[in-house]
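Undergrad: A single structure is presented below for examination.
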Amino acid sequence: MEAPWAQALILAPLAGAMSAFLWPHRARAIGLVTMLLLVMSVAGLGIQMARFGIYRHLVGGWAPPLGIELYADGLSLLLLAATAVVGAGVSVYAADYFRGHDAAHFWPLWLFLLAALDALFLSRDIFNIYVTLELLGLAAVALTGLGGGRDALGGAMRYLLATLLGSLLYLLGVAMLYHGFGALDIGVLALRIRPTPLVWATLGLMGAGLCLKTAVFPLHFWLPPAHANAPAPVSAALSGLVVKASLYVLLRMWIDVFGTVAAGASVLFGVLGAVAVLWGSLQALRQARLKLLVAYSTVAQIGYLFLAFPLGAASGWTAWGAVAYLALSHALAKAAMFLATGNLLRFGGHDRIADLDRVAQRLPLTTWAFALAGVSIMGLPPSGGFVGKWLLLQAALAQGRWGIAAVVVVGGLLAAAYVFRVLGHTFTQAPVPHEARPVPAHMQWAALLLAGGAVLLGFIAPFVLSMLRIGHPFAMWEAGS
Amino acid sequence: MSLDAWIPLLVVASSLVPGLVIFGLAERRSVLRSVLNLAGATVKLVLVGWMLWGVYQGHHYEISWPLLPGLEMELRAGPLALLFVTLSTVLWLVTTVYAIGYLEDSPHRSRFFGFFSLCVSATIGVALSGNLITFLLFYELLTLSTYPLIVHRGTEAARHAGRTYLVYTVSGGALVLLGTVWLYTLTGTLEFTSKGILTPLGQGHRAALTTIFVLLVAGLGVKAALVPLHGWLPRAMVAPAPVSALLHAVAVVKAGAFGIIRVVFDIYGVEYAAGLGVMRPLAWLAALTIIYGSVRALSQDDLKRRLAFSTVSQVAYITLGVAMGGPLATIGGVVHLVHQGLMKITLFFCAGNLAETLGIHKISEMGGVGQRMPWTMAFFTIGAFGMIGTPPVAGFVSKWYLGEGALQVAQPWVLGVLVASSVLNAAYFLPILHTAWFRPPPDAWPEERRFGPAETAWMLLLPPLATAAMALAAGLLASVPLSPLEWARLIAARELYRP
């Protein structure tokens, strides 16, 4: 007996978004109830998949290519879970962060964004993925501009252009694949794909579009202004979840469609990832403002996810497990970090790192949240980031890929440098003291619990990895390992 | 799973749980905080005593759960593990008393004691680790939980010292991580095993294994303060005295030295390591550290900095004993883990008393302090004579075994190092004693505080009394069962040189 958990994951936030739009005074309550439903649904789906394996559902009973199929394997499940958990944290935070007019704008867009994310993770049809990507992008841009002001609108504008261009390139790729192989379903494409020049051209278009949306170096230019100028809960959602969506699509396309016929391209991904890790970390180190530091840290952390592409062919699932684990821990840790940064911004009225002024004792919960999230970001044990880094290093060293191992280690050291640069200043007194404003307890706990989740991931790796392997999402790569 | 299996976990939890609770306590709840701390320390002591008795009779305590695919988090109490656990537990109790007295009325005590307990938990975890990944986990946790203690005072100097500490230790941790993962890809196991885990590899991968050894020892050498990786230790002395005493003189540096023991004996195996040709260079490096630390100590006027360079020198004895190979030298090195801890913590307690009571930080200010604070200086004297290696204090026993061990493995040059080091130790400790006892006191002390009738507060006086007594007892009663020396012999016989 299958319960309609997956449908609920899409319909609940969609219905919530519409209700919140229609009844703006109740938006906050509607949003929180919807979030609760989402968390319960994803737990239900997880339990169901742990028992029965892959989840498939034909919407309206129509089989593809005519109908829409909802599909979830372990990889989708983990990302859905990350969406629900990070979404819950962000919602609790936003409930205190946005008041009045802003809340009426925030909740419909935010719930709509969640619906688009869930739909994307449940799609296996490249055209449906395009639709969800576009919806996701538009909701994200609108949320970015929510704060108003010149910087926020400028950042949102750049973001809009980048995301539209990315979707367009992806759509061109979809058209070419459909023309070449007569299919849109990833499973069918996987069977029909042949190494033809058309495939390379498609990979180029789709890869460029998705890399642009994921903000991998050198296509990251839009990310720091957008993520640093958005309101704190939006930044958390953008860095934690939204960039993972396009990465997920790229990963799926690579694993099931392109990886076997265009293996050479993996080197390019690896090189971009390596440069992203180093460049992003160095930029983060140079920033004087905390939000920009955290945003550049996202550029660096995305780089790690691309390091696995050249390792995937020979290491089987270890490298892909590393990607999934790093993406998951980064989602939690980075969301926590942005929320903590939002607290610090509200507390002191600024986010200049050098003037943090003894927040370690005055705002201990938030400092803890930042520190624990930082532990996962730099990949020190015990944390989810450590597990991911360990798996990545293991895959790299087993193949003698020293360059990649060096990038992983150096990236970790640089991350430690920028995280502790912030933490060091939380203990000292600023030359010019400033007036502190109170920060609601919910906002502090939301950040702390998400950061705690990132640390907890370091202890439950066997469980998470076994969930990841439901339905063998990396089956095509495991023969060689 | 029997109750016994849970004991190692409980030993870690007995400081971890109070620590986490203490973080949440309001600043003014000083009584509850002290009760929690002391209760945790007492419970830990009882549990460790229970395990000591059990291990003495041949029991093993072990618990593990899956951490990563193919790898487990494993806590295991064997003789060697218990040596370090007992040292940390006893000294934690003593230092907690000291810290309660030392930090009376100073701000942010909840944060201080919280991280202090975390550090102790991490140290105990390092000691009880049953494999290299568990070790790595606690080793990094130790780095993280020490940092807030170094920057505790929140001054710019403290922040810079914290940064220096992290530059060294996080880089060291990265080397250990790299070496560990690489080793795992070759061996498929990281279990600490008597005689090492490399025998199945035969003579393959020699170059790789040599490099891994260098990575691991370099990474561990940072915390063990081997030259040239020692730079963080003297600078970390800005931390409050109890931190310098327990962490920098005992827990952190010993975690590094203990790791080197584990790598040499339980990962590589002495014979395999000797076959690789890595033991000789390690012994030379340790010898260099011994001499270099002592020479640098000579010219320090700041008392804590002189003690810090002395730590650099003395902790290298442990590495030297291990690197020489041979049971006697190993016993000397392993027992010095305890002896150095007892003596050095006494010295740091006394330095803290001088700073807290009279505001003395420099040796040049110490003239006549023996008349003002005779008890403190008496304990200091015992510790200093122990460091020099005068019988009957514990340091003599270590040096004796190291010397005999050198002759056993036919490396007489080590005797030269030991003699030179003792001369240097005398050269930097005796002037302190001379100044303190025989110079006239100044008209006024830099910053004097009165604590009732005694020379200083009781809670500052009892801890060095206890540790100085232990340092004397460890030397006088060295051949009594369950003395550090006898336990080290048991370790050598049952664990490290098991036939």
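Undergrad: Being within 11 Å of chain A (Cβ to nearest Cβ) and assigned to a helix (DSSP H, G or I): is that true of B:TYR147 here?
TA: In short, yes.
Undergrad: Scan the range B:141-174 residue by residue and report those that are under 23 Å from B:LEU226 (Cβ atoms), of a type in the set (A, V, I, L, M) and either more than 21 Å from the chain's Cα centre (by Cα) or buried (at least 21 other Cβ atoms within 10 Å of the Cβ) (or both).
TA: B:LEU141, B:LEU142, B:LEU144, B:LEU149, B:ILE150, B:ALA161, B:LEU166, B:VAL170, B:ALA174
Undergrad: Does the range A:382-392 contain any residue that is closer than 24 Å to A:ALA313 by Cβ and small (Gly, Ala, Ser)?
TA: Yes, the range A:382-392 has at least one match.
Undergrad: Go through (1) at positive phi; (2) assigned to a loop (DSSP other than H, G, I, E, B); (3) not acidic (Asp, Glu) and name the single condition A:GLY67 misses.
TA: The number of the failed condition is (1).
Undergrad: I've got another one for you. Of the residues that make up the range A:337-349, is at least one away from chain B (no Cβ under 11 Å) and outside any helix (DSSP H, G or I)?
TA: First, the residues of the range A:337-349 that are away from chain B (no Cβ under 11 Å): A:337-349.
Add one more test, that the residue is outside any helix (DSSP H, G or I), and what stays is A:349.
Within the range A:337-349, one or more residues are away from chain B (no Cβ under 11 Å) and outside any helix (DSSP H, G or I).
Undergrad: Follow-up. Which residue is farthest from the other protein chains (Cβ to nearest Cβ), if the candidates are limited to the range A:351-389 and must be of a type in the set (Asp, Glu) and either in contact with an Asp or Glu (Cβ under 8 Å, 6 or more places away or on another chain) or at negative phi (or both)?
TA: A:ASP351
Undergrad: Kindly evaluate B:ARG206 against the criterion of being surrounded by fewer than 23 Cβ atoms within 10 Å (Cβ to Cβ) and touching a Ser or Thr at 6+ places or on another chain (Cβ under 8 Å).
TA: Criteria not met by B:ARG206.
Undergrad: Considering only residues that are in a loop (DSSP other than H, G, I, E, B), surrounded by fewer than 21 Cβ atoms within 10 Å (Cβ to Cβ) and not small (Gly, Ala, Ser), look in the range A:457-475 and name the one that is nearest to the other protein chains (Cβ to nearest Cβ).
TA: A:PHE459
Undergrad: Considering each of A:GLY31, A:GLY61 in turn, give the residue that is farther than 22 Å from A:PRO231 by Cβ and of a type outside the set (A, V, I, L, M). I'd like the intermediate steps shown before the answer.
TA: Details: A:GLY31 fails: farther than 22 Å from A:PRO231 by Cβ.
So the residue among A:GLY31, A:GLY61 that is farther than 22 Å from A:PRO231 by Cβ and of a type outside the set (A, V, I, L, M) is A:GLY61.
Undergrad: B:GLU365: touching a Phe, Trp or Tyr at 6+ places or on another chain (Cβ under 7 Å) and either surrounded by fewer than 24 Cβ atoms within 10 Å (Cβ to Cβ) or among the β-branched types (Val, Ile, Thr) (or both), yes or no?
TA: no
Undergrad: Which condition number does A:GLY87 fail, the rest of (1) over 30 Å from A:ALA441 (Cβ atoms); (2) touching a Leu at 6+ places or on another chain (Cβ under 8 Å) being met?
TA: The number of the failed condition is (1).
Undergrad: From the list B:SER117, B:SER171, pick out the single residue that is polar (S, T, N, Q), in contact with a Gly (Cβ under 9 Å, 6 or more places away or on another chain), within 14 Å of another protein chain (Cβ to nearest Cβ) and under 23 Å from A:PHE427 (Cβ atoms). Please lay out each step first, then the result.
TA: On the way: B:SER117 fails: within 14 Å of another protein chain (Cβ to nearest Cβ).
The match here is B:SER171.
Undergrad: Name the residue that is farthest from A:ASP351 (Cα to Cα), counting only residues in the range A:426-456 that are surrounded by 20 or more Cβ atoms within 10 Å (Cβ to Cβ) and within 14 Å of chain B (Cβ to nearest Cβ).
TA: In this case the residue turns out to be A:VAL455.
Undergrad: Moving to a separate point now. Among the residues that make up the range B:146-167, is at least one of them closer than 19 Å to B:THR319 by Cβ and not small (Gly, Ala, Ser)?
TA: Looking through the range B:146-167, none of the residues is closer than 19 Å to B:THR319 by Cβ and not small (Gly, Ala, Ser).
Undergrad: For the range B:434-443, check the following and say yes or no: at least one residue is surrounded by fewer than 19 Cβ atoms within 10 Å (Cβ to Cβ), in contact (Cβ under 8 Å) with a residue 40 or more places away in the chain, β-branched (Val, Ile, Thr) and on the phi < 0 side of the Ramachandran plot.
TA: Scanning the range B:434-443 turns up at least one residue that is surrounded by fewer than 19 Cβ atoms within 10 Å (Cβ to Cβ), in contact (Cβ under 8 Å) with a residue 40 or more places away in the chain, β-branched (Val, Ile, Thr) and on the phi < 0 side of the Ramachandran plot.
Undergrad: Kindly provide the set of residues from the range A:345-365 that are touching a residue at least 12 places away in the same chain (Cβ under 8 Å) and under 16 Å from A:PHE420 (Cα atoms), ordered by number.
TA: Those that are touching a residue at least 12 places away in the same chain (Cβ under 8 Å) and under 16 Å from A:PHE420 (Cα atoms): A:ASP351, A:ARG352, A:ILE353, A:ALA354, A:ASP355, A:LEU356, A:ASP357, A:ARG358, A:VAL359, A:ALA360.
Undergrad: Looking at (1) in contact with a helix residue (DSSP H, G or I) (Cβ under 8 Å, 6 or more places away or on another chain); (2) more than 10 Å from every other protein chain (Cβ to nearest Cβ), can you tell me which one A:ALA395 breaks?
TA: (2)
Undergrad: Only one of these is of a type outside the set (D, E, K, R), closer than 22 Å to B:PHE112 by Cα, under 23 Å from the mean Cα position of the chain (by Cα) and crowded, with 24+ Cβ neighbours inside 10 Å: A:PHE386, A:PHE370. Name it.
TA: Going through A:PHE386, A:PHE370 in turn, just one is of a type outside the set (D, E, K, R), closer than 22 Å to B:PHE112 by Cα, under 23 Å from the mean Cα position of the chain (by Cα) and crowded, with 24+ Cβ neighbours inside 10 Å: A:PHE370.
Per-residue answers, yes or no, for (1) without any contact (Cβ under 8 Å) to a residue 24 or more places away in the chain; (2) within 14 Å of another protein chain (Cβ to nearest Cβ); (3) in a helix (DSSP H, G or I); (4) of a type outside the set (Gly, Ala, Ser):
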residue: A:SER297; (1), (2), (3), (4): no, no, yes, no
residue: A:ALA300; (1), (2), (3), (4): no, no, yes, no
residue: A:LEU305; (1), (2), (3), (4): no, no, yes, yes
residue: A:GLY312; (1), (2), (3), (4): no, no, yes, no
residue: A:GLY321; (1), (2), (3), (4): no, yes, yes, no
residue: A:SER329; (1), (2), (3), (4): no, yes, yes, no
residue: A:LEU332; (1), (2), (3), (4): no, no, yes, yes
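Undergrad: Being modelled with pLDDT under 95 and under 20 Å from A:ALA333 (Cβ atoms), is that true of even one residue in the range A:96-110?
TA: The answer is yes; a qualifying residue exists.
Undergrad: Output the residues belonging to the range B:478-489 that are in contact (Cβ under 8 Å) with a residue 40 or more places away in the chain and more than 15 Å from B:GLY333 (Cβ to Cβ).
TA: Within the range B:478-489, B:ALA478, B:LEU482 meet the criteria.
Undergrad: Additional query: Which ones in the range B:179-192 are touching a residue at least 40 places away in the same chain (Cβ under 8 Å) and either part of a helix (DSSP H, G or I) or within 7 Å of chain A (Cβ to nearest Cβ) (or both)?
TA: Residues satisfying the conditions are B:GLY179, B:THR180, B:LEU183, B:TYR184.
Undergrad: Among the numbered criteria (1) modelled with pLDDT of 95 or more; (2) under 18 Å from B:GLY341 (Cα atoms); (3) of a type outside the set (Asp, Glu), which one does B:LEU226 miss?
TA: So B:LEU226 meets the others, but not (1).
Undergrad: Something else: Do you know which of the residues in the range A:292-314 that are under 19 Å from A:ALA237 (Cα atoms) and hydrophobic (A, V, I, L, M, F, W, C) is surrounded by the fewest Cβ atoms within 10 Å (Cβ to Cβ)?
TA: Of everything passing the filter in the range A:292-314, A:LEU292 is surrounded by the fewest Cβ atoms within 10 Å (Cβ to Cβ).
Undergrad: Kindly indicate whether B:VAL21 is over 30 Å from A:GLN361 (Cβ atoms) and modelled with pLDDT of 90 or more.
TA: Judged against the criteria, B:VAL21 is not a match.
Undergrad: What do you reckon, is A:PRO231 free of Cβ contacts under 8 Å to residues at least 24 places away in the same chain and under 27 Å from A:VAL131 (Cα atoms)?
TA: In short, no.
Undergrad: Can you name the condition, by its number, that B:VAL120 falls short on among (1) of a type in the set (A, V, I, L, M); (2) more than 17 Å from B:LEU246 (Cβ to Cβ); (3) at pLDDT below 95?
TA: (2)
Undergrad: Kindly list the number of the only condition in (1) surrounded by fewer than 24 Cβ atoms within 10 Å (Cβ to Cβ); (2) touching a His at 6+ places or on another chain (Cβ under 6 Å) that fails for A:SER239.
TA: Failing condition for A:SER239: (1).
The values are calculated or read from the model by the stated rules, or taken from the named source; none is laboratory data. Predicted, not measured: the structure shown is a model, and the values here were computed from it. Backbone-built Cβ (ideal geometry, glycine too); neighbour counts: all protein chains shown.
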